[in-house]
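The values are calculated or read from the model by the stated rules, or taken from the named source; none is laboratory data. Being a predicted model, the structure only gives us computed values, none of them experimental. Note that each Cβ is placed from the backbone with ideal geometry, even for glycine, and that neighbours are counted across all protein chains shown. Surface accessibility is based on the protein's heavy atoms, side chains included, excluding ligands, DNA and RNA. Shrake-Rupley method; radii C 1.70, N 1.55, O 1.52, S 1.80 Å.
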Amino acid sequence: MSSELHTGQRAAVVGGGASGLIAALALAAGGLPVTLIAPPRAVDPRATALMDGSVKALEALGVWPRLRPNASPLRVMRLVDDTGRLIRAPEVEFRAGELGLDGFAWNVENEALLAALDAAVAATPGITRREASVSGVRESATHATLELDSGEQVDAALVAAADGRNSPCRRAAGIEVTARAYPQVAVTATLAHSRPHRDISTEFHTRTGPFTLVPLPGNRSSVVCVVSAAEAEALAALDDAAFAREMERKAHSLLGTMQLDSPRGSFPLSQRTATHFARGRIALIGEAAHIIPPIGAQGLNLGVRDAATLAEIASDAVRAGRDIGGAEVTEAYERRRRRDVAARGFAIDLFNRSLLTDLLPVAGLRGLGLYMLGRSPGLRRLVMREGVGPTSDVPRLLAGAPL
């Protein structure tokens, strides 16, 4: 068995998804030596909308220039009530120009994002990569020891666990998860279409959940179609051509004829939140800490804020000569991330439930809220600013500042 000797201020990042790669880059940018532990990954056919703060973080980490040619801006977000209920909300458009932004977010296919992050990690001298999985974790007063399935051991003062929804590191830390399941499945795909999207993201609100078209470069869009489990099974049984026609029907032919341009994906909707975001020397990042439905493009953007916040707190500890995995660091991380995640999870849960209910008062309140957003520029700008990202306790990387 080989062993990597403990160095007092070394950080280990577990997980090779986007949140883990960004965490490794951010911690390295903060002056910490980093060991990234991740097995070879599977192909990810999904796409992600990166909010303005996430783009600023990628710019500060030197990743954005490589990624920008593969990203498409979301300049307009259009909400359309397609529930067919007696009380229907008015159509509302949010324009990024009202906030002085070129786009609310930039939509990018996950494979392009991961390729750009992998290249940045490989080019960063402070990051050592281990293609392995964590099989065990032991903690002492001074460090955590990660046992790898390759037979190696890695000692680190701080462990950033970005190892997914079934996080082994979270289990090793004894952290529980609270979960809420929804009677819905998200079906995802990329489609080519005959009409231009004009950088407009359209979200149809249906009785089973949102059907969202998000622009990609060229005449292509990523689709997130939230349906019942039975309808998800029916969609999975369709051949590619029939599936594309059904997506076109759901989109009311807004973008013309459609053709499937990626593998399809599907996953049940749930909301899961760790009871603690950190314990001992382990801090949870991304889906290891929280999972929310794919509504409002919050998922990965929350993971980026996790990574940026942890890197900021740890780099400040390095400069002050403090233990980067000590209680002062992990308690600060817990405190700073809990409020942001809880607020966004609550808002998304409330909105999703408002679509599923047939109660007229709920439909009326949702319609009134969207009507007020359409009529009040000040209220609309307030909601847009909060949707793009938090307006308080913003990590330095998300403001484009160095660590």
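At-a-glance table
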quantity	calculated
The stretch 164-190 residues that are among the acidic types (Asp, Glu), paired with ones that are open to solvent by less than 20 Å² (accessible area, probe 1.4 Å) (beta carbon under 8 Å, 6 or more apart)	Glu176/Ala274
Condition check for Leu50: within 25 Å of Ser201 (Cα to Cα) and in contact with a Phe, Trp or Tyr (Cβ under 6 Å, 6 or more places away or on another chain)	yes
Whichever residue in the stretch 134-155 is surrounded by 17 or more Cβ atoms within 10 Å (Cβ to Cβ) and touching a Pro at 6+ places or on another chain (Cβ under 9 Å) and, among such residues, is nearest to Pro40 (Cα to Cα)	Val134
Output for the stretch 330-350, where each listed residue is open to solvent by less than 20 Å² (accessible area, probe 1.4 Å), touching a strand residue (DSSP E or B) at 6+ places or on another chain (Cβ under 7 Å) and at pLDDT 90 or above	Thr330, Tyr333, Val341
Complete set of residues in the stretch 263-306 that are surrounded by fewer than 21 Cβ atoms within 10 Å (Cβ to Cβ) and of a type in the set (S, T, N, Q)	Ser266, Ser270, Gln271, Thr273, Thr275
Tally, over the stretch 166-200, of residues that are open to solvent by less than 10 Å² (accessible area, probe 1.4 Å), polar (S, T, N, Q) and in a strand (DSSP E or B)	2
Qualifying positions in the stretch 159-194 - under 17 Å from Leu269 (Cβ atoms), out of contact with any Asp or Glu (no Cβ under 6 Å at 6 or more places or on another chain) and basic (Lys, Arg)	Arg180
Selected residue (criterion: farthest from Val63 (Cα to Cα)) from residues of the stretch 79-112 that are at pLDDT below 80 and of a type in the set (A, V, I, L, M)	Leu86
Odd one out for Glu248, checked against (1) within 23 Å of Pro268 (Cβ to Cβ); (2) in a helix (DSSP H, G or I); (3) touching a strand residue (DSSP E or B) at 6+ places or on another chain (Cβ under 8 Å)	(1)
Any strands (runs of 3 or more DSSP E) falling wholly within the stretch 83-158 and containing at least 2 residues that are touching an Asp or Glu at 6+ places or on another chain (Cβ under 6 Å) and within 30 Å of Arg198 (Cα to Cα)	none
